1. Restricting to the stretch A:98-108, and then to whatever is within 15 Å of A:Lys19 (Cβ to Cβ) and over 15 Å from the mean Cα position of the chain (by Cα), can you tell me which residue is surrounded by the most Cβ atoms within 10 Å (Cβ to Cβ)?
2. Across the stretch A:36-54, what is the number of residues that are free of Cβ contacts under 8 Å to residues at least 12 places away in the same chain and closer than 24 Å to A:Leu98 by Cα?
3. Given the stretch A:62-116, what helices (runs of 4 or more DSSP H) lie entirely inside it while holding 2 or more residues that are of a type in the set (A, V, I, L, M)?
4. I'd like to verify a number: residues in the stretch A:13-28 that are more than 12 Å from DNA strand C (Cβ to nearest atom) and closer than 19 Å to A:Gln65 by Cβ, how many?
5. Which residues, taken from the stretch A:61-113, are without any contact (Cβ under 8 Å) to a residue 60 or more places away in the chain and closer than 21 Å to A:Gly34 by Cβ?
6. Out of A:Lys48, A:Lys41, A:Lys55, report the one residue that is surrounded by fewer than 18 Cβ atoms within 10 Å (Cβ to Cβ) and either among the hydroxyl-bearing types (Ser, Thr, Tyr) or within 13 Å of DNA strand C (Cβ to nearest atom) (or both).
7. So in the stretch A:48-65, with the set limited to residues that are within 9 Å of DNA strand B (Cβ to nearest atom) and over 11 Å from the mean Cα position of the chain (by Cα), which one is nearest to A:Leu114 (Cα to Cα)?
8. Between a first residue in the stretch A:1-18 that is away from DNA strand B (no atom under 15 Å from the Cβ) and a second residue that is assigned to a helix (DSSP H, G or I), which pairs have beta carbons less than 7 Å apart while being 6 or more apart in sequence or on different chains?
Amino acid sequence: MNSKHIKIWQTVQAIPLGKVACYGQVADLAGLPGRARLVGKALGAVPKNGWRGAKVPWYRVVNSQGKISFAPGSEHFNRQRDLLQDEQVVVIGARIKLPTFQWQPDLAELLFILEG
DNA sequence: CGTATGACGCATT
DNA sequence: TAATGCGCCATAC
């Protein structure tokens, strides 16, 4: 874990229930443009109990095509799909309709992230 | 120190 | 819509 991971976790915590964000989008918001892969790394390193008492909704992060990035049918894939569906996010196969479910932070949310 | 490998993204075909 | 190729960068060896 390092400061970049922490910034990424804070950004992911801002994704509202029922919405998703892309790896690249999270990277940009976290002040790490072009580093989508690092977001994947950071999410893989999320403490199981959450961070500083708060859960990190890692499952709300998908790739730029709106697809879950784990191998279809894998344990990880199924867990992410189930958690999303529990939040009323519609998952068809591995795909989520971004025009409907992608998070679009307003100015207040952007400022909040920059504070952290 | 070079190489390979990823929970990625984008342009091109 | 799908498949490639290339850029990206932290890690592992």
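What follows is calculated from the coordinates using simple rules that are stated; it is not laboratory data. Everything numeric here is computed off the predicted structure, so don't read it as measured data. Cβ atoms come from the backbone with ideal geometry, glycine included; neighbour counts cover every protein chain shown.
1. In the first step, residues of the stretch A:98-108 are kept if they are within 15 Å of A:Lys19 (Cβ to Cβ); the result is A:98-106.
So of that shortlist, the ones also over 15 Å from the mean Cα position of the chain (by Cα) come out as A:99-100, A:106.
Working: A:Pro99: 6, A:Thr100: 11, A:Asp106: 8.
Going through the qualifying residues, I end up with A:Thr100.
2. 1
3. Details: elements: A:75-86, A:98-101, A:107-115.
Counting at least 2 such residues, we get A:75-86, A:107-115.
4. 8
5. Matches in the stretch A:61-113: A:Val61, A:Val62, A:Asn63, A:Ser64, A:Gln65, A:Gly66, A:Lys67, A:Ser69, A:Gln104.
6. A:Lys41
7. A:Ser64
8. A:Gln10/A:Ile113; A:Ala14/A:Glu109; A:Ala14/A:Phe112; A:Ala14/A:Ile113
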